[in-house]
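Read-outs: derived from the displayed coordinates by stated rules, not from any lab. If you're wondering where the values come from, they're calculated on a predicted model, not measured in any experiment. Here Cβ is always computed from backbone atoms with ideal geometry, including for glycine, and neighbour counts include all displayed protein chains.
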Amino acid sequence: MKQFFFATTAKGVEEALAAELVRLGVPEVTAESGGVRFAGGMEAAYRANLWLRTASRVLMTLAEFPCESPEELYRGVRAVSWERFLTPALTLAVDCNLRDSALTHSGFVALKTKDAIVDALRDHYGSRPSVDTKDPDLRVNVRLFKNRCTLSLDLSGEPLDRRGYRLDRHEAPLKENLAAALVELSGWDGSIPLVDPMCGTGTIAIEAALKALRIPPGLNRRFGFQRWQGFDRALWDRIVAEARAGMLERLPAPVQGTDLSHSAVGMAAQNAKRAGVLEHLVLGRLPMAELTVPPGPGVLIINPPYGKRLGEQEALRPLYKEIGDTLKQRCKGYTAYLFTGNLELAKSVGLKATRRMVLYNGPIECRLLKYEMY
């Protein structure tokens, strides 16, 4: 049966996510602000959860209706046949996103939605399910935008960036799906070397290796839909077996991650081991000025700190200058991508960007700047 789905992502990543869905062979792909709509059966939804590298969640649309009052919200939610998805033995939670609507309190909207669902189930079964906000069997997503309500079920459960390999959350780490988006937006396909000279805990290098080895990012985690009524285990097992059969034994080209910090490189190795790619990566401790890269052409992706406070900014200027000097002197034939939330500091690189892409790292507006090192 054909359903409609919505894969959410960070602002600026929508086109990269749409391209991923098209490569998966999913029909009716449309990029929108904050995500991508697509259609298909449960097979498309299962594949999307297993394979999407740049998405945050995959939602299945249940209903859409105009909503300007608590009464309209309650009626619209109550009209859904909730017994298809929930029994009193299962737990539920409700997430809410609001923008430009008459109803302005997300807690109230979530509560009203929950009331309508449990009332409908009490009428049907004579008893009601419990709420579990931490680890529910079914997560309901209600989105109110310009007085229009979209009611969805969250297939993913935990956000898709939680791949399960990163236990140590180092200072200001890049989320896994944003790291994957940087690799995706660089156009790197695994056939030439990829270098991250400020790799921190290794997320960019690990995501690049997973992509090049054709390892699905969701291979070692659980999903929300696996606890749903009607979960098709045979179909899921077939999709996973198919994915495993397509994985590569070795990288077509080297992926290298270096950093000045001993502890960061140690954590990168631990994370890479959990992700199953440690033996495929070249990891090491190296100052920026001593960087050596495999012969070009290649891609270099760098995510330096961008200092929130004024004093920090000034202290980081020499680092950005050093990045520019290293790119000029040591990275001939490479295309370099600098991801930063500080355009003022980016000027200190001293190179002219051939392309600028606007992305968001959480609430911070950032740029992915492209430099051609001829």
Size of electric dipole in the chain: Cβ of Lys, Arg +1 and of Asp, Glu -1, about Cα centre, debye, nearest 20: 340 debye
Taking Cβ-Cβ under 4.7 Å as the only way to count a partner, pick out the unpartnered cysteines of the chain. Cys96, Cys199, Cys331, Cys366
What ranking do Thr9, Thr150, Thr104 get, fewest neighbouring Cβ atoms within 10 angstrom at the top? Thr104, Thr150, Thr9
Residue-averaged 222 nm ellipticity for the chain, from DSSP H runs of 4+ at -39500 (n - 2.57), nearest 500: -10000 deg cm²/dmol
At a Förster radius of 35 Å, what calculated FRET efficiency corresponds to the Cβ-Cβ distance of Asn220 and Ala19, to the nearest 0.05? 0.90
Cβ-based net charge around Thr91, under 12 Å, with every Lys or Arg adding one and every Asp or Glu removing one: +2
What is the helix-to-structure angle for 42-51, meaning the angle in degrees between its Cα long axis and the longest Cα principal axis of the chain, kept from 0 to 90 and rounded to the nearest 10? 30 degrees
Local net charge near Ala212, Cβ-Cβ under 13 Å (Lys/Arg +1, Asp/Glu -1): 0
Mind giving me the FRET efficiency for Asp100 and Ser261? R0 is 41 Å, r the Cβ-Cβ distance, nearest 0.05 is fine. 0.40
For the chain, find the longest principal axis of its Cα atoms and tell me its angle to the long axis of helix 310-330, 0 to 90°, nearest 10. 60 degrees
Lysines whose Cα lies under 24 Å from that of Lys175, excluding same-chain neighbours fewer than 8 positions away: Lys11, Lys134, Lys211, Lys273, Lys308, Lys370
Under the 7 Å Cα-to-Cβ spin-label approximation, Val131 and Arg250 lie apart by a distance in nanometres of 5.6 nm
Exposed-site-free run, longest, the chain (rule: GluC sites (Glu not before Pro); DSSP loop; at most 16 other C-beta within 10 Å): 250-374
For the chain, what is one quarter of the convex hull surface built on the Cα atoms, given in nm²? 19.4 nm²
Which angle from 0 to 90°, rounded to the nearest 10, does the C-alpha axis of helix 262-275 make with the longest principal axis of the chain? 50 degrees
Can you pull out the trypsin sites (Lys or Arg not before Pro) in the stretch 3-67 whose DSSP state is coil and whose Cβ has at most 16 other Cβ atoms within 10 Å? Lys11
Taking the alpha-carbon distance from Lys2 and a cut-off under 12 Å, which aspartates and glutamates remain once sequence neighbours fewer than 8 residues away in the same chain are dropped? Glu28, Glu43
Rounded to the nearest Å, the spacing of the alpha-carbon centers of the stretch 172-211 and the stretch 1-78 is 25 Å
Run the numbers on the stretch 241-339 and let me know its relative contact order in percent, using alpha-carbon pairs under 8 Å that are six or more apart. 29 percent
Compare the Cα positions of Gly76, Val58, Ala179 along the charge dipole of the chain (+1 at Cβ of Lys, Arg; -1 at Cβ of Asp, Glu; about the Cα centre) and return the one farthest towards the positive end. Ala179
Less than 13 Å Cβ to Cβ from Arg75, Lys/Arg counted +1 and Asp/Glu -1: what total charge do the surrounding residues give? -3
